[in-house]
Structures are given as C-alpha cells and as structure tokens.
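Notes follow once the structure below has been shown.
The values are calculated or read from the model by the stated rules, or taken from the named source; none is laboratory data. All values reported here derive from a predicted model rather than from experimental measurement. Neighbour counts are summed over all protein chains in view; Cβ atoms, including those assigned to glycine, are modelled from backbone coordinates with ideal geometry.
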Amino acid sequence: MIKQHYQSIVIQTVCSLLIPFIQLFALYVIIHGHYGPGGGFQGGVLLAVSIILQRLYLGSKISYRKFSPKMALAFGAIGMLIFGFAGVVPLAFGGAFLDYENLPIFWVHGAELRALGILIVEIGIGLAVFGTLVLIFDSLVGERW
Amino acid sequence: MVIIDLFLSRYVYFMIVVLLAIGLYGMLGKHNLMKKLIGMNIFQTAIFIFFIEGAAKRGGSVPVIDEILGMEAAQYVNPLPHVLILTGIVVAISLTGVALAFLLVIYRTYKTLDDRAIMANMKESAE
Amino acid sequence: MRWVNAFIILLFVALMLYATVGLPDHADPQAPANVHVSPTYIEDSVADTHTPNIVTAVLADYRGYDTLGETVVIFTAGLACILILMKRKANDKATLSKHRHSDRM
C-alpha cells in the first residue's frame, strides 16, 4: 500500500529531476532500436518505470491525477491498435498481413518503407508494454480507481 | 585431460543445469506459493541463459551490422535466439504479474500462502 | 515426500547432464543452430529492411506475426490482472465469508 508521501526534500527533488530524463531515454531507446540495442519492449519498460517512480514518491492521490490507470489502459489499447492496423492496412492495399511494403505511404518505397513500418510497429509495442506494466503495478498495489 | 576439455567446452551448460535444479527444487520442495513462484522464475531464467549461450559464436560481434565488419555471417552472433528470448522475457514478466495477482487473491481468501493449509481448508469446505 | 522430491531432482539433473554431452561446444561457429537460417537473416536484413540491427529486423519484420501474438499475450495479462484484482470487496462478503469462519475454528 502506498499511502504516505515522502516529505523528504531530497527524494522529491531527485525524483522530479530524474523522471523527465528517464522518459527521454525511453523515447531514445524506442526510436534508436534500428541502429543499436533497443526497441519497443525495452523502451516501453523504461516509460513504465518512470510512471512507477512517480507513483512511489508522490503517493497515489496526486499521481493518479497526473497519470490515471485508465490512461494506462488506453495507452496499452492504442499500442495494440497501432500494431493491428500496421498488420491489417497492407491487406487493403494488395499485400500480405504485416507486409509493410504495401503501407499507404506513397512517397517512400521498398526497403525504406519496411524500415518505417518497423518503426511504427516498435512504437505500438512500446505503448502496449508501457500501458500493461503500469496496469499490472496499479492492480497489484491495489488502490481502487 | 579429456574430462578437463569436456568441462571447458561445456561449463556453461553445467551452470545452467545447477540453475534448473535450484528452480525445480523451489517448485517441488517449498510449500510457500511465493517461493514456488520464485523457483519458477529461476527455472525460466536458466532456460533464457541456455538459449543465449547457444547464440554465441567464437569471434562474433553483436548482431548490429557494422560497415567495418562487413556482411559475412561469421562476423556476428546468431540473432535468432536473442529475438526469441526478448519475447520470452516479456511473456515471463506478464506471467509473473498474473501469478502475483493470483497469489494476492489466494492470500486474501485463505489468509495464508502455505499450500498444505490451503489444501486442508479446501477439503474441509468441500465436505 | 521429501525423498521423492530429492529423487525427482536427482533424476532430472542426471538426465540434463546426460543431455549436455550431445550439445555443441561453447561458442562453436559450426553449431547446427548457427548454420541453418540465421546466416540468411544476417546477410539479407540490410538489403531487405534498411535496418542495421538484425534483432529488430527479425523481431518486427521477418517474425512480425510472432511479435503480434506476443503483444496480445502481454496485453491480455494486464487485462487479466485488473479482472482478478478489481472489485473484490463485493464478492468477498457474499461467497468467501464461509472460508474465513472455518479458518478461525
């Protein structure tokens, strides 16, 4: 149960300084998954960790006002929808399921379009993992919402 | 000498077998459900390490194509087990989350996590 | 019970140690897992997808269907966590009070 807020000025300052950098690093990990270690799963976990750190030091009342569990559910569902549409939309344009070369982005062709499709899918995976992990944490900690 | 050679070429597998045995002991020998869950996680981790060990190649670099190293397959380690284990780790995390949720419900219902007490309670309420 | 467990674990360890004899050596480039499909992935991924990171290319492109199912699995796990743990209190009093009383006695 996370009921009490930490009144310590050190913890508040360090956490509030750290969280934006964790989120920025998470975005870097998601976007940079093409050229180095990284990708949707790792970046999504980092994003979820930033929200969980906020839950830990702010307490549930203020933290739920900033980022509610319903928003986490919405983020997870949006991530799943992005992945699903990246799979279904090429079907409508004459390709196979998850065949990114047939995505309707007409000014990019061939392998470049495949790289773009991988980026879209990675963003979808990142959002889904982010939402799900925050959701698991919230339901395990057991606050009503 | 043969035994030393065998050990040097197989020592990672022996460590993995030790981890598997620890995980199996946690699942079989412990009566606390939480400890059973920890044993299952150790078992899973041993299997992940086994796959990653199978991906290693002597003289292979990380599986990110580098212009200096060229395109030959011998220059990079096998990327396929890395992919499988990446998905496997995420499934293990979600499995752990659902298992913890079940443990919470069991604890709230029976006020204990000991499997013998839970079985006795279930038998009692069935009669 | 304790001796049965010890016997099962010893049997398991013996089986695994027997199986390690047939496995390829540590970091063998000619191991069967390293020569079957993975050279194709390594050699073709840049030409096919313009993605230097082979793991990302295999994860999201060659085996995208696998990843889709896996994302469904983790999202379902999150939904299952909510469904298991939310709104327990209404159920508690109706069905589970019997257990608690028998526990006390």
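Yes or no, residue by residue, for (1) part of a loop (DSSP other than H, G, I, E, B); (2) at pLDDT below 90; (3) surrounded by 15 or more Cβ atoms within 10 Å (Cβ to Cβ):
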site: B:Ile47; (1), (2), (3): no, no, yes
site: B:Asp66; (1), (2), (3): yes, yes, no
site: B:Gly70; (1), (2), (3): yes, yes, no
site: B:Ala99; (1), (2), (3): no, no, yes
site: B:Ile106; (1), (2), (3): no, no, yes
site: B:Arg116; (1), (2), (3): no, no, no
Got at least one residue in the range A:96-104 being modelled with pLDDT of 90 or more and among the small types (Gly, Ala, Ser)?
-> no
Hey, could you check the range C:36-67 for residues that are of a type in the set (Gly, Ala, Ser) and at the interface with chain B (Cβ under 8 Å from one of its Cβ atoms) and say which is nearest to the chain's Cα centre (by Cα)?
-> C:Ser38
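Here is a yes/no grid of residues against (1) touching a residue at least 40 places away in the same chain (Cβ under 8 Å); (2) of a type outside the set (S, T, N, Q); (3) surrounded by fewer than 16 Cβ atoms within 10 Å (Cβ to Cβ):
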residue: A:Gly76; (1), (2), (3): yes, yes, no
residue: A:Met80; (1), (2), (3): yes, yes, no
residue: A:Phe93; (1), (2), (3): no, yes, yes
residue: A:Leu113; (1), (2), (3): no, yes, no
residue: A:Ile118; (1), (2), (3): yes, yes, no
residue: A:Phe130; (1), (2), (3): yes, yes, no
Are any residues in the range A:19-59 more than 9 Å from every other protein chain (Cβ to nearest Cβ) and not in a helix (DSSP H, G or I), and if so, which ones?
-> A:Gly59
Among (1) surrounded by 18 or more Cβ atoms within 10 Å (Cβ to Cβ); (2) farther than 30 Å from B:Val105 by Cα; (3) under 16 Å from the mean Cα position of the chain (by Cα), A:Glu101 falls short only on (3)
Scan the range A:66-75 and give yes if some residue there is modelled with pLDDT of 90 or more, more than 29 Å from B:Ala92 (Cα to Cα), within 12 Å of another protein chain (Cβ to nearest Cβ) and part of a helix (DSSP H, G or I), otherwise no.
-> no
Condition set touching a helix residue (DSSP H, G or I) at 6+ places or on another chain (Cβ under 9 Å) and loosely packed, with under 11 Cβ neighbours inside 10 Å, scope the range C:5-53, selection modelled with the lowest pLDDT: answer is C:Val21
